[in-house]
1. Test B:Ser251 against the stated conditions and say whether it is within 18 Å of B:Asp281 (Cβ to Cβ) and surrounded by fewer than 20 Cβ atoms within 10 Å (Cβ to Cβ).
2. Which residue is farthest from A:Met211 (Cα to Cα), if the candidates are limited to the range B:47-65 and must be away from chain A (no Cβ under 14 Å) and part of a loop (DSSP other than H, G, I, E, B)?
3. Please give the number of the condition A:Ile218 fails out of (1) closer than 22 Å to A:Val292 by Cα; (2) surrounded by 19 or more Cβ atoms within 10 Å (Cβ to Cβ); (3) of a type in the set (Val, Ile, Thr).
4. Working only within the range B:90-115, note down all residues that are more than 8 Å from chain A (Cβ to nearest Cβ) and either in a loop (DSSP other than H, G, I, E, B) or among the aromatic types (Phe, Trp, Tyr) (or both).
5. What are the residues in the range B:102-118 that are of a type in the set (D, E, K, R), surrounded by 14 or more Cβ atoms within 10 Å (Cβ to Cβ) and under 21 Å from A:Ala207 (Cβ atoms), if any?
6. May I ask you to verify whether A:Leu122 is more than 30 Å from B:Cys152 (Cα to Cα) and at pLDDT 85 or above?
7. Quick check on the range B:116-133. Is at least one of its residues in contact (Cβ under 8 Å) with a residue 24 or more places away in the chain, in contact with a Pro (Cβ under 8 Å, 6 or more places away or on another chain) and within 14 Å of chain A (Cβ to nearest Cβ)?
8. What's the total number of residues in the range B:131-185 that are within 23 Å of B:Leu201 (Cβ to Cβ) and in a loop (DSSP other than H, G, I, E, B)?
Amino acid sequence: MNKGFMQEYFRRNGQFMGWGLLIAVGFWVIVLIILPQISMLDFSFRNHLPPPEMGGPKDVYTLKNYQYLIFGAENNPEAYNRVDLMVFVRTLIAATCVTILDLVLCYPIAYYLGQSKGGGFLRILVLLLIIPYWINEILRAFAFRIIFGDSGVINEFLLLFGIIDTPFDFIRENVALYAGLGYAYILLMIFPIYNVIESLDRNQIEAARDMGASWTMIHRRVVIPYAKPGISSGCTMVFMLSAGALAAPQILGGPSSLWFTQLIYQWFNSGGNWPQGSAYAVVLLVVCIIIVLTVMRLFKVNMGDIGK
Amino acid sequence: MSAGVGVDLQNMWIKFGDFVAVREANVNIKGGEFFSFLGPSGCGKTTILRAVSGFLDPSDGKILIGGNDMAGKGPNERPTALIFQNLALFPLMKIWENITFSMEVKGAGKAERQKRADELLEMIALPGQGDKLPSELSGGQKQRVAIARALCAQPDVLLLDEPLSALDLKLRQHMRTELRAIQKQVGITFIYITHDQGEALTMSDSVAVMKAGVIDQIAGGKAIYDDPSTAFVASFVGENNVFRGKVKSISKGYAVIDTNRTGALRARMATAVKDTLKPGDDAMMFIRPEALNISDKKARSDTRIKAVVQHSEFEGQAYNVFLKGSEDKEMKMSLANRGETRLYDAGLPLILDYDADRAVALPAGELASE
């Protein structure tokens, strides 16, 4: 950022607006994002102490919160903290599955929306996608619980047509959880993909068709490479948000399945052990970022493309 | 030149709902011909091209390519290749991948494709540029890549949808010559869509002039220009002075037209209407600006026009003189620059004349709007 850039910036926005914008963005980034994360990081390296002892001789930096996640309590008979690590891995796998599910579901929709020129019908379609999001997340999760419940619409329907004889436990089998999570982030997948596909020149598809390309070929060679920034931006958001989801797993998760965020929540809330919770949260964040960056590297996506 | 594959449109109609985009097109394009559809935007010429390439089906009638009915055949099953107006190169593929995409589709190996790409790059005078991306090329180079990409599929018929319209004037003129040369070299049928009469006249063996879904005339460039068959063609192709009136008399292929403001004027009847134009008909007479001269006073009275200079423009190879005749009838005369120093000042009264063979009499009809 050179001097000319700043001069141009102030010339265009004026002193008042210019400083206003800078302060607002600065406040957003520093006070709302960086500082809380730093204090979280700081917490994660501290001992869990009652308030009077804070700042005292026992208040020193330690790695024991991280050790706990990996090896469990000191009296743990096993080599590793199997339960928590399993939850962690399962959460990441499940988030990956939700992301793939959303991608498979949303790519055709986004392609259709982006390439169809129909004005009125398209607008209704987009509206139909958006309206359910007026209802808050908790209510939507409970609605899924009802739909997938033992006497819910789906089970009633399956029973009625004799496809099954006893109600299927969608909750226990985590079907409801996947469906709920997938549904919660559909728009975050559709819109970035829709945005790029909308700017794809139709003639390119027709040119490929004219040269004899099949639909799979057209998508593989023309549409998907073009839509890659949108796909990766959608996948990143869906993955991060579903790995960090709390309400949906709380409400829709089966009794045997715990989401890693629920563990974090327990440490902070019922456990009252903020340093331990912070360590768990930091591990989740860092691992998620590493996964996203690795996948981006694998698919040759630049960070800059995602902002497009 | 190889015989090439011809294209026939037989009684073809294309309708979108109630809107008739193409009305009863009957066109016979010979193999190896450079054939242009010329018309203003929205006249249906692109629709015809899309029908030939297979992107849409005619509502009625037939399309034959090399004598085979194309009904029910998709764009990939036809021996045609289309060059789009915006070229539609794939921005994320290298030039050589772009050019050989039609081979990739058929499963050709990389080595084979690269070899073919090199040959085609050689042909379009872009050797060694295969590893660039389309965005790294200039407009004219992209143009040539699009042509190479279309030719790579070895089509029998190349369809071009105003591919030069995005280029600047100089490059456009250069590409005209180049396109014509490529067509001569590969010897396949070219069907070219344009609203630019200069392009149509310079490149084509035959031109079809279209207006609102109807083909008015199909002929060689010279015939289109000198012997138009409708008032629309006369006014759309090139510039023309129009004199409206009624046919007064007819003799030996010439008509005397009683014009509304300029008196009786003589003109040759267009070939297409020689047998149908009758005395008393509403008629139009067209004289090209370059067919008007300053009179040497020996001219017959029925090819003479009195007019006063309004203003004149010097265009380099010619002077364009804008005149007003009786009752403010506006005219344009174009005089070749022969090095004379005389300027045509406003207010100068002139007597003009013309050769009746170079004026065309046609039935009154709709003119091309400016």
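The values are calculated or read from the model by the stated rules, or taken from the named source; none is laboratory data. Small disclaimer: the values here were computed from a predicted structure and weren't measured. Glycine gets a Cβ as well: all are built from the backbone with ideal geometry, and neighbour counts include every protein chain shown.
1. Here the answer is yes, as B:Ser251 does meet what is asked.
2. B:Ser59
3. All conditions are met except number (1).
4. Within the range B:90-115, B:Lys94, B:Trp96, B:Thr100, B:Gly107, B:Ala108, B:Gly109 qualify.
5. B:Glu104, B:Arg113, B:Arg116
6. no
7. Yes - at least one qualifying residue is present in the range B:116-133.
8. Selection size over the range B:131-185: 7.
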